[in-house]
Amino acid sequence: MLKFNAETADPDVIAQELLHGKGAVLLTGLFSDAQVAEARQIIHAHSEAADKVTHFQGQAEVDGRLNLQRRVWNLLAKGDVFADMATHPVIMNVLRRFLGTEFIMGSIAANRILPGGPGQEPHVDYPYWDMYRAETHPIGLNASFPMNAQVSILLDPFTAETGATAYVPGSQKDLRYPTEADDFYGNCERMLGEPGDVALFFGAAWHCAMPNTSDIDRSAVLINYAPKWLTPIEEMHDALPTGFLESASDSLRQLLGQNYPHPQSFDAAAARNTIGRK
């Protein structure tokens, strides 16, 4: 996986690597120790006694270790640090090249894998996440353009022992779900990094969290981004505090779909003379 310094990262080079190269890059040193500590504290406070797991849990569903994998959803409502992370200028500049200038945020959550957590099954991410049901997707669907980007903000060291995300380089080009015949574990590389680094990847690349065999947590902020016309995976608006949108930055309002509202009532929009306008 190619590494880029946050100050010298070339968005065009990164976009090409995501689409036509290995499918993943590491942006080093994007967030400060203070931001990492604040985000980590909030996530731990919201997940200390909860089993908030979701899909792709793999062996955890078989052997009863679901409590060692924990999710915290809708982080925007849980601390300003997460809005700062989601709208970081380096991330925004890269994704403008990759997803178009008015891309949105599909979800912002945390994944916390405790010591002994078994990791996940290899998969692809929304909107591709059920590609194993190929008949439910349009004919001719391919990876000629991206419909998502995934950002993992590392809050703990991502090492082989802590369960750093594994992925198969180049697999995003196939746009299909991994199978046993693909030998995921025999062909994968790891997204290794330090707290404050960002693993940025095209979510069509086969990937999964790996088992945490260490004695420390392995936590990350996970953000899904998508083109402006895609339906977000997570409904974030209902959980936001009153007045949140009114005080949000322009970048955050864009990520929450305010530049391209859909669906909408065209009768109401026509009365306001706003159809087709921002």
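The numbers here are math on the coordinates, done by the rules we state, and not lab data. On a predicted model such as this, the values are computed, not experimentally measured, just so you know. Methodologically, a virtual Cβ is constructed for each residue, glycine included, from the backbone with ideal geometry; neighbour enumeration extends over all protein chains shown.
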Original post:
Among Lys78/Lys173; Lys173/Lys228; Lys78/Lys228, which pairs are too far apart, with a Cα-Cα distance over 26 Å?
Top reply: Lys78/Lys173
Subject >> Point-charge dipole on Cβ atoms (K/R +1, D/E -1) for the chain, about Cα centre, debye to 20 >> reply: 660
Original post:
What is the order of Glu48, Glu102, fewest Cβ neighbours within 10 Å to most?
Top reply: Glu48, Glu102
**OP:** Report the label-to-label distance for Glu189 and Val13 in nanometres (one decimal), using points 7 Å from each Cα along the Cα→Cβ vector.
**Re:** 1.5
Subject >> Most positive-pole-ward Cα, Thr162, Val221, Gly21, against dipole of the chain from beta carbon charges >> reply: Gly21
**OP:** Calculate the spin-label point distance for Thr179 paired with Leu2, positioning each point 7 Å from the Cα along the beta-carbon direction, and give it in nanometres.
**Re:** 3.2
Subject >> Ascending count of other beta-carbon atoms within 10 Å, so fewest first, for His20, His207, His262, His123 >> reply: His262, His20, His123, His207
Original post:
Using r as the Cβ-Cβ distance of Asn259 and Glu135, and R0 as 45 Å, what FRET efficiency do you calculate, to the nearest 0.05?
Top reply: 0.85
Subject >> Long-range HN-HN contacts of Leu256 with modeled amide H, under 5 Å >> reply: Met105
Original post:
Sorted from fewest to most neighbouring beta carbons within 10 Å, what does the list Ser214, Ser171 look like?
Top reply: Ser214, Ser171
**OP:** Sum -39500 (n - 2.57) across every DSSP H segment of at least 4 residues in the chain, then divide by the residue count to get the 222 nm mean residue ellipticity, nearest 500.
**Re:** -6500 deg cm²/dmol
Original post:
Summing Lys, Arg as +1 and Asp, Glu as -1, what charge do residues with Cβ under 15 Å from the Cβ of Tyr126 carry, Tyr126 excluded?
Top reply: -2
